[in-house]
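Structure, as structure tokens:
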Amino acid sequence: MADHLLEVRNLSVDFHTVSGVVHAVRNISYYLDRGETLAILGESGSGKSVSSSAIMNLIDMPPGKISSGEILLDGKDLFKMNPEQRREVNGRRIAMIFQDPLSHLNPVYTVGWQMREALKTHGIGNTQAQAEALRLFKRVALPEPERALDKYPHEFSGGQRQRVMIAMALALKPDLLIADEPTTALDVTVQAEVLALLKELQRETGMGVLIITHDLGVVSEVADRVVVMEKGQLVESGTVREVYHNPQHAYTKKLIAAAPGKGDMHEPEASGDAILSVKDAKKFYGGFEALKGVSFDLKAGETVAVVGESGSGKSTLARILLRLEEADGGTAKWKGKDLFTMSPGELFKLRRDLQMVFQDPTQSLNPRMTVYQLISEAWVIHPEILPKAKWRERVAELLGQVGLSAEHMGRYPHQFSGGQRQRIAIARALALEPQLIVCDEAVSALDVSVQAQVITLLDKLRKEMGIAFIFIAHDLPLVRDFADYVMVMQKGEVVEFGTVAQVFDNLQKPYTQALLAASLDPDPDVQAANRNARLATAS
Amino acid sequence: MLRFIRKRALASLISLIGLLIMVFFLSRLTGDPASLFLPVEASAEMKAEFRALHGLDQPLLVQFGTYVGNVMTGDLGESLRKARPALDVVLEAFTWTLWLAVITMTLVTVCAIVVGSLAAFRTGGFFDRFSSMVSLIGASVPDFWLAIVAIVVFAIQLSWLPTSGTGTLAHWILPICVLFVRPFGIIVQVVRGSMISALSSAYVKTARAKGVKSGPIIFVHALRNAMLPVITVIGDQAASLLNGAVVIETIFGFPGVGKLMIDSILQRDFNVVLAAILVTAFAIFLMNLVIDLAYALLDPRIRY
């Protein structure tokens, strides 16, 4: 039997924690050949990154322990090698890139230094390392490669930093590249570029690529085969097409069904006057114009989705509407009164009507307050809403509305999962009985299946309570299923505004087209067609 | 950069003036130098003459005005005791203290960084637990007690080292060793904590994935990132040594600025007290400036 490039056999990894032993992965097996791309698909807590950490010897032992299995690289068991041999494999035979290149590059050394280190660690001389680093920077298409070598990680954009990581990983022409969520932190158009670069480099070098992701779109774009993981177990494997079109396991079916952008589109049905009317809103940071005059109307019970990439000004818009920052021009009439010029007293009353849900519930919920304290705090500040005797009852009711239960009241945020924490944040916003909730990337940090649940919840609240939503997102397909209007922003300007159907069925502006084209479709056939269309228009 | 230094210098000048005012008037509350300097049987006329000679008969505000005027021209007055310019007396003592502080802090820094880093590398291991215990004891043991015990053991019982004074290299050993203990204990703890978070950071994971050896991972990748909080504490500890390790210098009869200050206060030698405070304050200002610049040197994201 010919050896596979990489073969993982019956691997089990445990973590010994204070609250007992966690079986991070249980008895998983997979293989990967040269020139092939295997995706490990799973949500947070599925153990999808654990096997790659085991391959790279990155598991801290203790608390981790490899309780069974072997990992063969060209038929040789990595676990039987001594530490020095393992170290030699890392970087030279197997290289790795990570999700967040800013934190994975050392902030105090230049990227050129870090490139040269990768080469010199494996015995390449200084001058040659310098020349090689420059060649690789040119290859990954970093702008001004000579000067880039002397820059520090914080001086690059997110996409450029990931290019630096890729250049560094490929420095010694490894046989295997492990990419752990390589594009999750990037904008969609940048994601498309980085994935394209990875595929190109794979064709050039013939390396095997192991890509770890939670995103079906990424799988369909780059992978040949996929293994699906849930709670430490491998539940399904096969070619990408087989698995997408004919999923066997219930979990895989659920994942595929949860992919956004497949349902019916809304037609706006709200009537009456606009509750919020924004005209020509502007914001400057020094000489930089972050918002160049944004206008839109919003009626009760309507959802407007604000979509754009980083730097488009979408979060700035949210912050000035909530008066977390002051606008530098324009008006925003809330029921006829300009909220940009409200006095502190009026603003205090307005806070009841306007609430915000933030991206990261881990950061936006005070870790030292119980769920009861977090939610009832609103009534401490606005005591006219509810007499104290009714607080417990109302907190229980709110928790019920967001799909949690009354017994969760005494717990702390860290005892919940990410999706549950975001529900708590929503319950907290609802405590003030607001009429408008601004969601700033409120589901971006959540797993796909959880994302769908939270969006269903928001849509239910909109229908039942007539709450209006401003929903800020970077992902177009995500907002397609439930927004009434879509506003596409780029560099502080609105480039397109219309109902969902107008925007999605009748793409007007090149930027919106580019944004949608760069969004990855979970269906490998659709994605292949999209990719070919994109290549055709590019050439 | 230059603008930053100018700003810092100006801010320090203001606190220096505040300090000067406070010390000037407070020290005059301690009493009349004439009654300490002249023999007990000295007549009232002799005392009055002494005061007039040193300008001590003037109203306090006039004395202060004269003093500030003199300081501006670089004249810090005469020492009453030694009949030499106060600045010379202070600088001579300060040189001793500076050497003591520089040697001690260099040893402390090197040892604490190595010990703290290695402890952090294998958290919970034998070396970690051992060094944690040692550093905890070091940080909490009273230095005057340690100094006396060290004299009893090494100087009196074993007779290996001199009890006090200066003259040979051997005289330096006990004061340095005793002064070493406390800052070492504190800085090891800071290095360890800071290194633990640096070693668990994402960029260290990248370095391990590149195949970098453990040595460079600890001392090149993690250490430079972990140094920022450490140099703050190093600066803090060094400042207390520059101020003159008053008790230790007194116990070991070491002619440093701490001992000089205590002696001058007891003798109401006001000019020397003021000069000593000005000189040490200036030295601490310079050291803080160096620390701020070290921040920028260590971390390219910090720019002034």
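The values are calculated or read from the model by the stated rules, or taken from the named source; none is laboratory data. A quick note: this is a predicted structure, and the numbers were derived from the prediction, not measured. With ideal geometry, Cβ positions are generated from the backbone for all residues, glycine too; neighbour counts draw on all protein chains shown.
One table, with the values for the structure above:
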{"read-out": "Matching option when the condition is surrounded by fewer than 24 Cβ atoms within 10 Å (Cβ to Cβ) and at pLDDT below 90, among A:442, A:452, A:483", "value": "A:452"}
{"read-out": "Boolean, residue A:386 is over 30 Å from the mean Cα position of the chain (by Cα) and either outside the structural domain of residue A:460 (by TED's automatic domain parsing) or at positive phi (or both)", "value": "yes"}
{"read-out": "From the options B:284, B:277, B:291, residue that is assigned to a helix (DSSP H, G or I), at pLDDT 85 or above, farther than 27 Å from residue B:24 by Cβ and more than 14 Å from every other protein chain (Cβ to nearest Cβ)", "value": "B:291"}
{"read-out": "Verdict on residue A:363 being in the same structural domain as residue A:469 (by TED's automatic domain parsing), closer than 22 Å to residue A:412 by Cβ and without any contact (Cβ under 8 Å) to a residue 60 or more places away in the chain", "value": "yes"}
{"read-out": "Qualifying residue in the range A:491-510 (condition: farther than 28 Å from residue A:335 by Cβ, among the hydrophobic types (A, V, I, L, M, F, W, C), assigned to a loop (DSSP other than H, G, I, E, B) and over 16 Å from the mean Cα position of the chain (by Cα))", "value": "yes"}
{"read-out": "Count of the range A:81-98 residues which are in contact (Cβ under 8 Å) with a residue 40 or more places away in the chain and either touching a helix residue (DSSP H, G or I) at 6+ places or on another chain (Cβ under 7 Å) or at the interface with chain B (Cβ under 7 Å from one of its Cβ atoms) (or both)", "value": "7"}
{"read-out": "Restricting the range A:51-84 to residues that are polar (S, T, N, Q) and within 20 Å of residue A:30 (Cβ to Cβ), the residue that is surrounded by the fewest Cβ atoms within 10 Å (Cβ to Cβ)", "value": "A:68"}
{"read-out": "Residues located in the range A:266-301, provided they are part of a loop (DSSP other than H, G, I, E, B) and crowded, with 17+ Cβ neighbours inside 10 Å", "value": "A:266, A:300, A:301"}
{"read-out": "Number of the exception - residue B:153 against (1) farther than 19 Å from residue B:106 by Cα; (2) crowded, with 16+ Cβ neighbours inside 10 Å", "value": "(2)"}
{"read-out": "Residue satisfying all of: in the range A:99-119; more than 7 Å from every other protein chain (Cβ to nearest Cβ) and touching a Lys or Arg at 6+ places or on another chain (Cβ under 9 Å); nearest to residue A:183 (Cα to Cα) among these", "value": "A:101"}
{"read-out": "Pairs with Cβ under 6 Å, 6+ apart, first in the range B:140-156 and farther than 17 Å from residue B:246 by Cα, second aromatic (Phe, Trp, Tyr) and surrounded by fewer than 13 Cβ atoms within 10 Å (Cβ to Cβ)", "value": "B:154/B:160"}
{"read-out": "Residues (closer than 23 Å to residue A:181 by Cβ and of a type in the set (A, V, I, L, M, F, W, C)) located in the range A:144-169", "value": "A:156, A:164, A:165, A:166, A:167, A:168, A:169"}
{"read-out": "Flag if residue A:141 is in contact (Cβ under 8 Å) with a residue 12 or more places away in the chain, more than 10 Å from every other protein chain (Cβ to nearest Cβ) and closer than 26 Å to residue B:120 by Cα", "value": "no"}
{"read-out": "Flag if residue A:344 is surrounded by fewer than 18 Cβ atoms within 10 Å (Cβ to Cβ) and either at pLDDT below 90 or more than 29 Å from residue A:475 (Cβ to Cβ) (or both)", "value": "yes"}
{"read-out": "Single condition residue B:254 does not satisfy, out of (1) within 14 Å of another protein chain (Cβ to nearest Cβ); (2) hydrophobic (A, V, I, L, M, F, W, C); (3) outside any helix (DSSP H, G or I)", "value": "(1)"}
{"read-out": "Helices (runs of 4 or more DSSP H) contained in the range B:28-86 and holding at least 2 residues under 16 Å from residue B:271 (Cα atoms) and of a type in the set (Ser, Thr, Tyr)", "value": "B:60-72"}
{"read-out": "Unique residue being touching a residue at least 12 places away in the same chain (Cβ under 8 Å) and in contact with a His (Cβ under 8 Å, 6 or more places away or on another chain) when the list is A:72, A:78", "value": "A:72"}
{"read-out": "Number of the condition not met by residue A:231 [criteria: (1) closer than 25 Å to residue A:456 by Cα; (2) among the charged types (D, E, K, R); (3) modelled with pLDDT of 90 or more]", "value": "(3)"}
{"read-out": "Helices (runs of 4 or more DSSP H) contained entirely in the range A:188-254, each with at least 1 residues that are surrounded by fewer than 20 Cβ atoms within 10 Å (Cβ to Cβ) and not assigned by TED's automatic domain parsing to the domain that holds residue A:449", "value": "A:188-205, A:240-245"}
{"read-out": "Test: residue in the range B:226-246 that is touching an Asp or Glu at 6+ places or on another chain (Cβ under 8 Å), part of a helix (DSSP H, G or I) and either within 14 Å of chain A (Cβ to nearest Cβ) or modelled with pLDDT of 90 or more (or both)", "value": "yes"}
{"read-out": "Residue check for residue A:123: touching a Ser or Thr at 6+ places or on another chain (Cβ under 8 Å) and at pLDDT below 95", "value": "no"}
{"read-out": "The range A:158-187: number of residues that are within 26 Å of residue A:220 (Cβ to Cβ) and assigned to a loop (DSSP other than H, G, I, E, B)", "value": "10"}
{"read-out": "Filter result (buried (at least 19 other Cβ atoms within 10 Å of the Cβ) and more than 7 Å from chain A (Cβ to nearest Cβ)) within the range B:202-215", "value": "B:204, B:207"}
